[in-house]
1. Is at least one residue of the range 56-70 at pLDDT 95 or above, surrounded by 18 or more Cβ atoms within 10 Å (Cβ to Cβ) and of a type outside the set (Val, Ile, Thr)?
2. Filter the range 1-26 down to the residues that are within 11 Å of the chain's Cα centre (by Cα) and surrounded by fewer than 17 Cβ atoms within 10 Å (Cβ to Cβ) and list them by number.
3. Are there any pairs, at least 6 apart or on different chains, whose C-beta atoms fall under 6 Å, with the first in the range 38-58 and assigned to a helix (DSSP H, G or I) and the second basic (Lys, Arg) and at pLDDT 95 or above, and if so, which?
4. Against the conditions (1) loosely packed, with under 14 Cβ neighbours inside 10 Å; (2) closer than 17 Å to residue 64 by Cβ, where does residue 33 fall short? Just the number, please.
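The values are calculated or read from the model by the stated rules, or taken from the named source; none is laboratory data. Source: prediction; values computed, not measured. We place every Cβ from the backbone using ideal geometry, glycine too, and count neighbours over all the protein chains shown.
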Amino acid sequence: MSKGKNQHVVKHTDGWAVRGAGNDRVTRVTETQREAIQIAREIAQNQESELFIHGRNGRIRERDSFGNDPFPPKG
């Protein structure tokens with residue numbers, strides 16, 4: 001289970017936005033998705049939560065976990 005709020009990178013009327021899970025307001029709006037991903041990744045790492053990257057269509061296209069992964073890969 002993650003410690004902080006999961007972070008989502010979503011399309012926004014002014015570009016791309018970083019939004020914490022369950023938040024009505026966005027944390028930050030950027031011109032490019034790449035910028036939003038960098039910001040969201042830093043927040044997710046600091047909060048030990050997950051990062052969800054949404055495509056233009058709104059569907060999740062990528063995710064990354066920075067918290068306690070309940071199913072860590074075997075190595």
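1. The answer is no, given that none of the residues of the range 56-70 is at pLDDT 95 or above, surrounded by 18 or more Cβ atoms within 10 Å (Cβ to Cβ) and of a type outside the set (Val, Ile, Thr).
2. Within the range 1-26, the first condition is being within 11 Å of the chain's Cα centre (by Cα), and the residues that meet it are 5-10, 17-21.
Selection gives 21 alone.
3. Short answer, once both residue conditions are applied: 39/28.
4. Going through the list (1) loosely packed, with under 14 Cβ neighbours inside 10 Å; (2) closer than 17 Å to residue 64 by Cβ, residue 33 breaks only (1).
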